[in-house]
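The values are calculated or read from the model by the stated rules, or taken from the named source; none is laboratory data. Here the structure is a predicted model, which is why all the values come from computation and not from measurement. Cβ placement follows ideal geometry from the backbone for every residue including glycine, while neighbour counts extend to all protein chains displayed. Heads up: the accessible areas ignore ligands, DNA and RNA and are worked out on the full protein's heavy atoms, side chains in. Shrake-Rupley method; radii C 1.70, N 1.55, O 1.52, S 1.80 Å.
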Amino acid sequence: RLAVRGNVHLSAGDVESILDGIHRENLLQADLPAYRQRLLDSPWVAGVRLSRVLPATLDITVVERVPMAVARQGDRLFLVDDGGVIIDDYGPEYAQFDLPVVDGLLVASKPGAPAAPAERARLANDLLTALGARPDVRKRVSQIDVSNARDAVVLFDDDPAWLHLGDARFVERLQNYIDLRPRLIERFRDIDYVDLRFDERVYLRGPAKTVAAKH
């Protein structure tokens, strides 16, 4: 008997299918490391523990990956975890996840699927973790770009300006922009991007020029 626990997105049936053949083996003689590796080869599985419970039960504890974002590369979307590991192609079956779209996280790799450089995955995770503490700010973010691993760039859903945040103090810098925004809009009609990395000064670029504004 297989006793499966810890699974959410993988059903017990999925786990049994991955371990096909184990029912026909003697519990004491089954090659558990090999079966464990089969489960680890599933993109949803981050970790797993297999334990024999005599006389005839195999206890399976699964640790699943937690989706962090929808990573976009070209015209494809991927569901990724907090380490940038691709879980699956993103499609309608994952619409229940309220996840941001992140550009620049994945790069082409040969052979196989695209991969996330560690520094880009870390930047995306740090940003999203920080935003998790401020849901009022998080809900305004519609797009994220981590092409530059030292500069997270975000776009608010009601603002056309790209906001450059650097690699730290994300929420503080976004809040500074939110506070400054009414004055900036009053002074500068068209803004393409706002560089918030320098804290004491905010640099803006419009269609024609770059200007600096003090807090």
Leaving out ligands and nucleic acids, note down the accessible area per residue over the chain with a 1.4 angstrom probe, in whole Å².
55
Can you give me the long-range amide H partners of Arg65? Hydrogens built in the peptide plane at 1.01 Å from N, cutoff under 5 Å, separation of 5 or more residues or another chain.
Val45, Ala46
Tell me, in nm to one decimal, what length is gained between Lys139 and Arg5 on full extension, where the rule is 0.36 nm per residue of separation less the Cα-Cα distance?
45.0 nm
At 0.36 nm per residue, minus the direct Cα-Cα distance, what do Arg24 and Asp41 gain on full extension? Give it in nm, one decimal, please.
4.0 nm
What's the FRET efficiency of Ser17 with Arg181 using the Cβ-Cβ distance as r and R₀ = 45 Å, to the nearest 0.05?
0.30
Efficiency by 1/(1 + (r/R0)^6): what FRET value for Asp157 and Ala95, r their Cβ-Cβ distance, R0 = 25 Å, to the nearest 0.05?
0.90
From largest to smallest, what semi-axes in whole angstrom does the stretch 38-127 give when each is the square root of 5 times an eigenvalue of its alpha carbon gyration tensor?
29, 14, 13
Mean separation of Cα contacts under 8 Å (6+ apart) over length of the chain, as relative contact order %:
11
Give me a comma-separated list of calculated 3J(HN,Hα) values for the stretch 2-12, in order, Karplus coefficients 6.51, -1.76, 1.60 applied at θ = phi - 60°, integers in Hz, x for any Gly or Pro.
9, 10, 9, 9, x, 7, 10, 8, 8, 6, 4
The percentage of the accessible area of the chain (probe 1.4 Å, all protein chains present) made up of carbon and sulfur atoms, to the nearest whole number, is 49
Label selected from [x] 29, 22, 17; [y] 46, 16, 14; [z] 86, 11, 10, the criterion being semi-axes √(5λ) of the Cα gyration tensor in Å as computed here
[y]
Mind checking which helices in the chain clear 18 Å along their axis (Cα) and have mean Kyte-Doolittle hydropathy of -1.0 or more, DSSP H runs only?
118-132, 170-187
